[in-house]
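K.L.:
The structure under discussion is supplied below as structure tokens; questions concerning it will follow.
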Amino acid sequence: MAKAARRRAVVALVAVLAVAASVAVVVRVLAPAEVDTPARKPYPAAPAPTAGVLARLPVAPLVVDGRLRVYAGARQVYADQPATGRHRVTPFWSFRRWPATLVGVLAEGTTVVSRWSDGRLVALDARTGRVAWRADGPEPRSVPEPRRTYAGTVWDPAGLHVARSAGRSVLVSAGPGGLGGYDLADGRRLWRADVTPDCRTDVGTTASGELVGVDRCDGPPAVELRDAATGTVRTRWRPPDAPEQLVVTPVGCPYGHSGCRGLRTAGPDGAGSRGWLVTDPGEPAAAPGLDHPDTVLDGERAVDTSGPVVVGRSARTGEELWRRADIHPARVLATEPGRVHLLTDRRELVTVDPLTGTTRSSFVLDLGRDGIGWKPGRAYAVDGYVAVERLRETAAPEDDDQGYFLMAEPVLLAVT
């Protein structure tokens, strides 16, 4: 009897220990966690590539400091190098969080800011991959499930912007119920504002250091211009003859929807399109050269692809400054300061100087034997680099990723 009792006690003890071990494993696996894997190699030198197509990639790259390519995943932001590499390679550094999901990535200089589904902001030093600072921001609004390239996450992060104001770079994080401004250098919160959910939409930031929003909370929709450094609303403005349902689109932005020099206002169907400059504080200034939806802005030069030729105009007056009949039909693929990247129907990437209309580079967007039987999806440009998603010619928004993208590596990266 004594032996049987001891055996039962041992079995019970083993069972208790097994349950305890299981609980420990569950806690360890399910508990919120961060994993920061910093770089183990020196920061790479900036390459000096010649114009042409560089790489075919499975996911969308964010080119940082001309040296790294930063990518997004469901719960990860990571980088590889060099920026000119032909393929994606083993990460130079990576940062993971769990169970939050990654909703946006933004880069300014050598700072890479990630925004997560719980509102957390985590800034990484691109040179090392180490965490520079953390901050709590407003929870983001729901965004569509990203496609496998994560192009929207890195090229057009919803509710995440930077602005230069009061002598500092300010990060602005916007959600349906709140806004927050943070010093980009150290993550210190500069201001917070609670806003009424579902009646206000953030648009971007201006070259004059303001956060642009469309406010429909009290009466007809109006454009709200808020000082990015203090959170104070400087201006509330409604365009003359504005439609009841006002749509505001930023233009002339050097990256994402940040630092924009212009706006375009219209109705939901594009009717009544009007262009405006926002380079100075106060109410936007009329810019007839930006009125057409098929115009883009660089400085105070507008490039118009709506007619039978490509035309450069003064944004303020609409006066024609130059024209190019030899690269039409073409559409604007992407813009950046000093460069407008045009894509022709033969899939030639023609980069022109918006001041003069002269060609900076020109080549076919093709690599190997991929061919030109595709249509462009999202696109991005910075520091002379251009990336574009290639879609099947029959692709529709409701298609799954296999039917939507041209191939497993649908993103082309080129340098102009």
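The values are calculated or read from the model by the stated rules, or taken from the named source; none is laboratory data. Everything numeric here is computed off the predicted structure, so don't read it as measured data. Here the Cβ positions follow ideal geometry from the backbone for every residue, glycine too, while neighbour counts run over all protein chains shown. Note: areas computed on protein heavy atoms with side chains; ligands, DNA, RNA excluded. Shrake-Rupley method; radii C 1.70, N 1.55, O 1.52, S 1.80 Å.
K.L.:
With +1 assigned to the C-beta of every Lys and Arg and -1 to the C-beta of every Asp and Glu, and no other charges, what is the dipole magnitude of region 30-153 about the Cα centre in debye, to the nearest 20?
P.N.:
The dipole magnitude comes to about 420 debye.
K.L.:
For THR110 and THR232, compute 0.36 nm times the residue count separating them, minus their Cα-Cα distance, and round to one decimal in nm.
P.N.:
Full extension of this stretch gives 41.1 nm more.
K.L.:
About its Cα centre, how strong a charge dipole does the chain have in debye, to the nearest 20, once Lys and Arg get +1 and Asp and Glu get -1 at the Cβ?
P.N.:
Numbers: 52 positive and 48 negative charges, 468 e Å.
Dipole of the chain, to the nearest 20 debye: 2240 debye.
K.L.:
Any idea of the accessible area per residue across the chain, 1.4 Å probe, to the nearest Å²?
P.N.:
45
K.L.:
What is the local net charge at SER165, summed over the other residues whose Cβ is closer than 14 Å to its Cβ (Lys, Arg +1; Asp, Glu -1)?
P.N.:
On the way: positive: ARG164, ARG168, ARG226, ARG234; negative: GLU108, ASP183, GLU210, ASP227, ASP280.
Once positives and negatives cancel, what remains is -1.
K.L.:
From the residues PRO99, VAL411, PRO376, which one has its Cα farthest along the dipole of the chain in the positive direction, the dipole being from +1 and -1 charges on Cβ of Lys/Arg and Asp/Glu about the Cα centre?
P.N.:
Farthest towards the positive pole: PRO99.
K.L.:
Computed FRET efficiency, Cβ-Cβ of GLU34 and ALA185, R0 22 Å: what is it to the nearest 0.05?
P.N.:
Details: r = 21 Å, r/R0 = 0.97.
The value I calculate is 0.55.
K.L.:
Build a GNM of the chain with springs between Cα atoms under 10 Å: which of GLY403, GLY129, GLY152 gets the top mean-square fluctuation?
P.N.:
Most flexible of the set in this elastic network: GLY403.
K.L.:
Quick one: helix 2-30 against the long Cα principal axis of the chain, what's the angle to the nearest 10°, folded into 0 to 90?
P.N.:
10
K.L.:
Which of the GluC sites (Glu not before Pro) found in region 274-350 are in a DSSP loop and have at most 13 neighbouring Cβ atoms, other than their own, within 10 Å?
P.N.:
GLU319
K.L.:
Here's a follow-up. Would you list ARG301, ARG234 from the most to the least accessible area, probe 1.4 Å?
P.N.:
ARG234, ARG301
K.L.:
Mind giving me the FRET efficiency for ASP366 and VAL309? R0 is 22 Å, r the Cβ-Cβ distance, nearest 0.05 is fine.
P.N.:
0.30
K.L.:
Starting from the Cα-Cα distance between ASP294 and VAL143, subtract it from 0.36 nm times their residue separation and give me the gain in nm to one decimal. Don't skip to the answer; put the middle values down first.
P.N.:
Details: separation 151, 0.36 × 151 = 54.36 nm, distance 2.62 nm.
Contour length minus the Cα-Cα distance gives 51.7 nm.
K.L.:
Given the options THR335, PRO61, ALA132, identify the residue whose Cα lies farthest towards the positive end of the charge dipole of the chain (+1 on Cβ of Lys, Arg; -1 on Cβ of Asp, Glu).
P.N.:
Sorting the options by dipole projection puts first ALA132.
K.L.:
Now for a separate question. Pop out the carbon and sulfur fraction of the accessible area of region 127-238 as a percent, whole number, probe 1.4 Å.
P.N.:
It is 43 percent, rounded to a whole number.
K.L.:
Which value, in Å² and to the nearest 10, is the accessible area of VAL223 when all protein chains are kept and the probe is 1.4 Å?
P.N.:
Solvent-accessible area, nearest 10 Å²: 0 Å².
K.L.:
Quick check for me: using +1 on Lys/Arg Cβ and -1 on Asp/Glu Cβ, what's the dipole size of region 257-307 about its Cα centre, in debye to the nearest 20?
P.N.:
I would put it at about 60 debye.
K.L.:
So if R0 is 45 Å, what FRET efficiency would THR196 and ALA51 give, r being the distance between their Cβ atoms, rounded to the nearest 0.05?
P.N.:
About 0.35, to the nearest 0.05.
K.L.:
Could you identify which residue out of VAL195, VAL332, VAL172 has the top mean-square fluctuation in a GNM of the chain using Cα springs shorter than 10 Å?
P.N.:
Largest GNM mean-square fluctuation: VAL195.
K.L.:
With unit charges on the beta carbons (Lys and Arg positive, Asp and Glu negative) and the dipole taken about the Cα centre of region 171-296, which residue among GLY219, SER258, THR201 sits farthest to the positive side?
P.N.:
Going by the Cα projections, it comes out as SER258.
K.L.:
With the cut-off at 18 Å, report for region 274-364 the share of all Cα pairs above it, as a whole percent.
P.N.:
Tail of the P(r) past 18 Å holds 39 percent of the pairs.
K.L.:
Compute the convex hull volume of the Cα atoms of the chain, divide it by the residue count, and report the result per residue in Å³ as a whole number.
P.N.:
Considering the Cα atoms of the chain, their hull volume per residue is 193 Å³.
K.L.:
Subtracting the Cα-Cα distance from 0.36 nm times the residue separation, let me have the gained length for ASP400 to TRP98 in nm, one decimal.
P.N.:
106.1 nm
K.L.:
With only alpha-carbon atoms in the gyration tensor, what are the semi-axes of the equivalent ellipsoid for region 119-165, in Å, largest first?
P.N.:
Semi-axes from the Cα gyration tensor: 21, 15, 12 Å.
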